[in-house]
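See structure below.
Any read-out appearing in this document is the output of simple, stated calculations on the displayed coordinates, not a laboratory observation. Keep in mind that what you see is a predicted model, and the values were worked out from it rather than measured. Here the Cβ positions follow ideal geometry from the backbone for every residue, glycine too, while neighbour counts run over all protein chains shown.
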Amino acid sequence: MTGIERIAEAFESARASGRRAALMPYLMGGYPDLETSRRIGIEYALGGADLVELGVPFSDPLADGPVIHAAGTAALRAGVRLPDVLSEVVRPVAEHVPVVVMCYANPIVARGVERFADALVEHGASGLIVPDLPLEEAPAALRACDERGLALVPLVAPTTPDARLARIGAQARGFIYTVSLTGTTGERTGALQDGLAGVLSRAAACTTVPVAVGFGISTPEQAAAAAAAGADGVIVGSRLVRAAGEGAPGEDPVPAVGALVRALASGLAGTPVG
Amino acid sequence: MSTVEHRFGPYGGQYVPETLMPALDELEAAWSSAREDPEFQAELGRLLRDYVGRPSPLYEASRLSEHAGHPIYLKREDLNHTGAHKINNAIGQALVAKRMGKRRIIAETGAGQHGVATATACALLELECVVYMGTEDMRRQKPNVERMGLLGAWVEPVEAGARTLKEAVSAAIRDWVTNVDTTHYIIGSCVGPAPYPAMVRDLQRVIGDEARAQVLEQAGRLPDRVIACVGGGSNSIGVFKPFVDDPEVRLIGVEAAGEGIDTGRHGAPLTVAGLPGVLHGAYSAIMQDEVGQILEAHSISAGLDYPGTGPEHAWLRDSGRARYVAITDREALEAFATTARLEGIIPALESAHAIAWAIANGPSELDLICLSGRGDKDLAEALDHLGRLSGLGSGPEAR
């Protein structure tokens, strides 16, 4: 089964099991350390995640807010590098759920996009998200991913106009990653942005793949609201990454992270919409 | 309407989060129409003349020439209002922001010169201004922090990483992603995603246009070499551009060798010529490790303390049209002191890199050096270091 097929199957089985949207928690590879991040990824799967988004630490993460930025910096400082993330985290987590790797453009360019895609496939990843690789810069990466059955997942933002959305939707693989707000990753209190349902329906209208939403979603209530606004998948990052780093010295953060994921999963449980 | 370049050879592009793509399109359209609009050009020209003080002089530095053993002319961007070339770009972009109806301006700054220039343009044009600055640079460039405050700008301290220019740019981009509807980002150099590298170059080429006419008038010939320091590379691309089609003119970009290229503590991605990569929205010459993590730069000069560079410079290098070299902290400090003693001009530490290379690397029939800024901002830092170098700085025995 290719990565693209495995992602499609994960969305379908979430729907079939009555979940209102697929749950896709994010984790930073190598944070708080390699072994714990592997256990967090597996705990996500056991706690009800349908897919896992796995971040590769990068020195200059322009799309990330303070929590994920700090987690990546800590992982780099501890000496975590891409090969470690692939073998110690991606591979074992991918035995449980499809893994979509989130990596900024430069580490991909440095390795060469073909070799990078080979490494993802070799370690069992199903897809790739590159937050600083818009449509115009994506052709080489899309070709490399398509040749290997990997899903190159594009992002759309509330600022993306319809004509552009149509071009993005036409070449989307796996799912579309809708950014819920204009801003970087990070927790936001209260209700989701008013225009979210509009962005989601605009995205859905221009593609055949599912439409997931992330950025600023941290509570079960917000996850449920995103599903109600029409999201096929919900991505939660900073809240979980914060919990991964919050344990007292010597305390294992995995149970606390697991409890959060279970709460998010129950927020999305219930009667399927439509 | 001619198009704005997105690529220079293989370099350039738009490697940014999707949220910013419509804003880059809007900016490109606004810039394309502004530069063809006689009214815009007239207003920009009037401000550059009456407010900035252009044209800046081209000065034949005879004592420096004697010291170097060949003729040296200095393009005096240090005499601009706010003391550096940065104001040429800041005023131009602030006018473009007004055309787009954006009332909030953000900027990054390293040495503080671009921050001061942007704060100045915003005061003049009634725009709100927030400047991101690393806390290490705030320490090194305290007078400029105070100037920005006086001009009504808010200086936002950046604590991440090495607390210098790279992190300030990243913080500004994150602000822009968040506030893109109301905000224009006045990037300070010919870096970043398209259309910035081409737009900033076009706003800075006034330096080279003036200098070319001035040197023809004063010396009756073109220069043998045009020499300028390169951090992001805006003063250098501005002074180079009008000479690119003069094959007899050698173009020399001088980067920061910091503590020495071999130490790894430098800011010389063009000179070192490692694997190119993506930083702050563009594919260009950058400093990175073998797995693509961006490295910290080092230079005594905050304006050159940056691990990336403008994509057009990377192409000028690869195509063989320009050559890039590097000067250490110590050599720059010596040129800083020498220029002060011989010419009564205190250059910015950035510009001192270009002077240092010219002095040490004859022969030349005529050097035209872009003196991109004045050194008042560097006094505390430079005197501190000069005091540690024997035979330099204060004291009657020093030359």
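For B:ILE207, what is the net charge nearby, where nearby means another residue's Cβ is under 13 Å from its Cβ and Lys, Arg count +1, Asp, Glu -1?
Working: positive: B:ARG54, B:LYS75, B:ARG76, B:LYS86, B:ARG201, B:ARG205, B:ARG212, B:LYS241; negative: B:GLU77, B:ASP78, B:ASP202, B:ASP209, B:GLU210.
My count for the surroundings of B:ILE207 gives +3.
How high is the relative contact order of the stretch B:45-151, given as a whole-number percent (alpha carbon pairs under 8 Å, six or more residues apart)? Show your work: numbers first, answer last.
Numbers: 137 pairs, mean separation 21.2, N = 107.
Averaging sequence separation for qualifying contacts and normalising by length gives 20 percent for the stretch B:45-151.
Please give the contour-minus-distance gain from B:ASP262 to B:ASP37: 0.36 nm per residue of separation, less the Cα-Cα distance, rounded to one decimal in nm. If you can, show how the numbers build up before the last one.
Values: separation 225, 0.36 × 225 = 81.00 nm, distance 4.90 nm.
Gain in length upon complete extension: 76.1 nm.
Using Cα pairs under 8 angstrom and six or more residues apart, how large is the relative contact order of chain B, in percent?
Values: 896 pairs, mean separation 77.3, N = 399.
Relative contact order for chain B comes out at 19 percent.
In the calculated pair distance distribution of the stretch A:125-227, what percentage of Cα-Cα distances lie above 22 Å? Show your work: numbers first, answer last.
On the way: 1567 of 5253 pairs.
Summing the P(r) tail past 22 Å for the stretch A:125-227 gives 30 percent.
Dipole of chain B (Lys/Arg Cβ +1, Asp/Glu Cβ -1, origin at the Cα centre): which of B:THR109, B:ALA340, B:THR178 lies farthest to the positive side?
B:ALA340
Counting Lys +1, Arg +1, Asp -1, Glu -1, what net charge surrounds A:ILE40 among other residues with beta carbon under 11 Å of its beta carbon?
Working: positive: A:ARG38, A:ARG39; negative: A:ASP33, A:GLU35, A:GLU43, A:ASP252.
Overall, the nearby charge balance is -2.
Order these peptides, B:218-226, A:210-218, by their mean beta-carbon neighbour count within 10 angstrom, highest first. Don't skip to the end; give the middle numbers.
Details: B:218-226: 17.6, A:210-218: 25.4.
Ranked by mean Cβ neighbours within 10 Å, highest first: A:210-218, B:218-226.
Which FRET efficiency value, to the nearest 0.05, is calculated for A:ALA269 and A:GLU246 with the Förster distance at 30 angstrom and r the Cβ-Cβ distance?
Values: r = 26 Å, r/R0 = 0.86.
The calculated FRET efficiency here is 0.70.
Averaged over its residues, how many other protein chain Cβ atoms are within 10 Å of peptide A:180-186's Cβ atoms?
On the way: counts 0, 3, 10, 8, 7, 0, 1.
Per residue, the average neighbour count from other chains is 4.
Average projected area of the Cα convex hull of the stretch B:345-387, in nm²? List each step's numbers first, then the result.
Numbers: hull surface 13.5 nm².
If I average the Cα hull's projected area over directions, I get 3.4 nm².
Any chance you could get the radius of gyration and Dmax over the Cα atoms of the stretch A:3-267, in Å?
Rg, Dmax (Cα atoms, Å): 16.6, 52.
What does the net charge come to around B:LEU44 if you take all other residues with beta carbon closer than 14 Å to its beta carbon, with K and R at +1 and D and E at -1?
Numbers: positive: B:ARG35, B:ARG46, B:ARG49, B:ARG54, B:LYS98, B:ARG99, B:ARG205; negative: B:GLU36, B:ASP37, B:GLU39, B:GLU43, B:ASP50, B:ASP202, B:ASP209.
For residues surrounding B:LEU44, the net value is 0.
List the cysteines in the protein assembly as shown whose Cβ has no other cysteine Cβ under 4.7 Å from it.
A:CYS103, A:CYS145, A:CYS206, B:CYS190, B:CYS229, B:CYS370
What distance in nm lies between label points placed 7 Å from Cα along the C-beta direction at B:ARG49 and B:ALA340?
For B:ARG49 paired with B:ALA340, the spin-label model returns 3.7 nm.
With a cut-off of 8 Å between alpha carbons and a minimum separation of six or more residues, what is the relative contact order of the stretch A:16-66 in percent?
Values: 48 pairs, mean separation 21.5, N = 51.
Relative contact order comes out at 42 percent.
For the stretch A:1-66 and the stretch B:275-302, what is the separation of their Cα centres, given in Å?
Taking the Cα centre of each part, the stretch A:1-66 and the stretch B:275-302 sit 30 Å apart.
Place +1 on the Cβ of every Lys and Arg and -1 on the Cβ of every Asp and Glu in chain B, take the dipole about the Cα centre, and give the residue among B:PRO71, B:THR309, B:GLN288 whose Cα lies farthest towards its positive end.
Of the options given, the answer is B:PRO71.
Sum -39500 (n - 2.57) across every DSSP H segment of at least 4 residues in chain B, then divide by the residue count to get the 222 nm mean residue ellipticity, nearest 500. Could the numbers behind the result be given before it?
On the way: 15 runs with 169 residues, N = 399.
Counting only the DSSP helices, I get -13000 deg cm²/dmol.
Would you mind giving the average projected area, over all directions, of the Cα convex hull of the protein assembly as shown in nm² with one decimal? Don't jump to the answer; show the numbers that get you there.
Working: hull surface 117.6 nm².
Orientation-averaged projected area of the Cα hull: 29.4 nm².
Hey, could you pull the Cα Rg and Dmax for the stretch B:210-355, both in Å?
Calculated on Cα positions, Rg and Dmax stand at 15.5, 51 Å.
Treat every Asp and Glu Cβ in the protein assembly as shown as -1 and every Lys and Arg Cβ as +1, leave all other atoms uncharged, and give the resulting dipole magnitude about the Cα centre to the nearest 20 debye. Please report the intermediate quantities before stating the final value.
Values: 59 positive and 83 negative charges, 111 e Å.
Here the protein assembly as shown has a charge dipole of around 540 debye.
Please report Rg (one decimal) and Dmax (integer) in Å for the Cα set of the stretch B:231-307.
Gyration radius and largest Cα-Cα distance of the stretch B:231-307: 13.4, 40 Å.
Going highest first, how would you order B:107-115, A:143-151, B:71-79 by mean Cβ packing within 10 Å? Don't skip to the end; give the middle numbers.
Numbers: B:107-115: 30.6, A:143-151: 19.7, B:71-79: 24.2.
Per-residue Cβ counts within 10 Å, averaged per peptide and sorted highest first, yield B:107-115, B:71-79, A:143-151.
Please report, in debye to the nearest 20, how large the charge dipole of the stretch A:3-267 is about its Cα centre when each Lys and Arg carries +1 at its beta carbon and each Asp and Glu carries -1 there.
Details: 21 positive and 29 negative charges, 67 e Å.
Using only the charged Cβ atoms, the result is roughly 320 debye.
Helix-derived [θ] at 222 nm for chain A: sum -39500 (n - 2.57) over DSSP H runs of at least 4, divide by residue count, nearest 500?
Values: 12 runs with 118 residues, N = 274.
Dividing the helical sum by the residues of chain A leaves -12500 deg cm²/dmol.
Let's test this: bin the Cα-Cα distances of chain B at 10 Å from zero up to the farthest pair and state each bin's percent.
Distribution as computed: 5, 25, 36, 25, 7, 1, 0 percent.
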